[in-house]
1. Summarise the accessible area of the chain (1.4 Å probe, protein heavy atoms) by the percent that is carbon and sulfur.
2. Would you kindly derive the ³J(HN,Hα) couplings of segment 212-229 from the backbone phi angles with the Karplus curve 6.51 cos²θ - 1.76 cosθ + 1.60 (θ = phi - 60°), listing them in order in whole Hz, with x for Gly and Pro?
3. Amide H neighbours of Y159 under 5 Å, at least 5 residues apart or on other chains, H built in the peptide plane: list them.
4. On average, how much accessible surface per residue is there in the chain, in Å², for a 1.4 Å probe, leaving out ligands, DNA and RNA?
5. Over the chain, with a Gaussian network built from C-alpha contacts below 10 Å, which listed residue (K222, K112, K167) shows the highest mean-square fluctuation?
6. Return the label of the correct value of Rg and Dmax of the Cα atoms in Å, as calculated from the structure shown, out of (i) 32.9, 122; (ii) 21.6, 66; (iii) 38.1, 146.
7. Taking the alpha-carbon distance from K222 and a cut-off under 26 Å, which lysines remain once sequence neighbours fewer than 8 residues away in the same chain are dropped?
8. For R82, which sequence-distant residues (separation of 5 or more, or a different chain) have an amide H within less than 5 Å of its own amide H, given hydrogens modelled in the peptide plane?
Amino acid sequence: TLADAVPQLIWTNNAAGKAIYFNQRWFDYTGLTYEQSEGPGWQAVVHPEDEYASGRRWQEALKIGEMFDTEYRLRRYDNTYRWFIGRNVPLKDKDGDIKEWFGTATDIHDLKTTQQALGESEQRLRVTMESATSFAIITMDIMGIITLWSKGAELIFGYSEQEISGKTCAVIFTPEDRENKVPEMEMQQAAQEGRAMDVRWHLRKDGNRFFLSGVMAPLLSKGTIMGYVTVARDMTQFRVLEQQKQDFIGIASHELKTPVTGIKLYA
């Protein structure tokens with residue numbers, strides 16, 4: 001009764017490894033009868049691609065008398081497959097001899113597919129980050145510790161990902177901005193308003209300053225801030241040209257005012 005009540009597939013094997021008992025969940029999932037299941041047990045419904053590796057490990061467990069533990073796909077009654085984590089535990093007598101094996105299979109299909117989707121998403125993000133070499137893409141945890149550093153960030157700041165990972169983002173700010181708590185204020189603003197502009201002078205690895213223009217946004221999971229991401233670009237050349245333009249306008253304005261002053265005096 002207890003075995004039929006749990007959500008796992010449960011079976012037992014005799015000392016030689018022959019499956020001799022199955023709970024109701026086994027029959028409901030596989031659609032097999034007892035006669036079809038007796039003997040091979042889970043091996044009768046394991047995915048062909050998982051059959052060799054899982055079968056070899058099961059034989060090794062039988063030989064040395066240690067717990068069998070693996071992941072495999074098991075065929076359902078509708079001929080679809082789901083991922084399970086399977087375990088067979090040897091039950092021994094007081095002399096250490098195996099009397100039988102207790103087996104379970106726990107459905108991990110949803111977790112497996114979620115992990116796979118997450119891995120694919122991370123791979124796409126990584127490819128995007130590696131391709132966008134003109135932009136620095138940086139992710140940080142809620143404490144401002146750098147967790148991801150794109151190729152563009154490496155080219156712009158001069159730090160490799162190995163050098164910068166695990167360090168606080170304050171390392172790329174100027175000493176005066178660190179003293180004025182600018183990194184902390186940017187994260188606070190991003191958390192409260194959804195974004196924070198990062199348009200200021202920053203430091204490269206070699207100590208040289210350059211002008212960065214970017215934006216920081218929070219990374220959310222079900223409404224909870226898990227960290228932050230910054231996307232920025234080196235705008236030093238544009239900043240220098242802008243300053244030169246402003247200087248030129250200032251000088252030209254002064255020069256234009258000089259003859260006008262004389263004319264006014266004559267008038």
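The values are calculated or read from the model by the stated rules, or taken from the named source; none is laboratory data. Nothing here was measured: the structure is a model prediction, and the numbers come from that model. All Cβ positions, even for glycine, are placed from backbone atoms using ideal geometry, and neighbour counts span all protein chains on display. Each accessible area value is taken on the protein alone, full model and side chains, heavy atoms only, with ligands, DNA and RNA left out. Shrake-Rupley method; radii C 1.70, N 1.55, O 1.52, S 1.80 Å.
1. Whole-percent figure for carbon plus sulfur exposure: 55.
2. 10, 10, x, 9, 10, 9, x, 9, 10, 9, 6, x, 9, 6, 9, x, 9, 10
3. When sequence neighbours closer than 5 places are left aside, the close amide H contacts are K205.
4. 61
5. Judging by the Gaussian network model, the answer is K222.
6. Answer by label: (i).
7. Here the lysines satisfying the reach criterion relative to K222 are K112.
8. Excluding prolines and chain starts, which carry no amide H, the hits are L74, R76.
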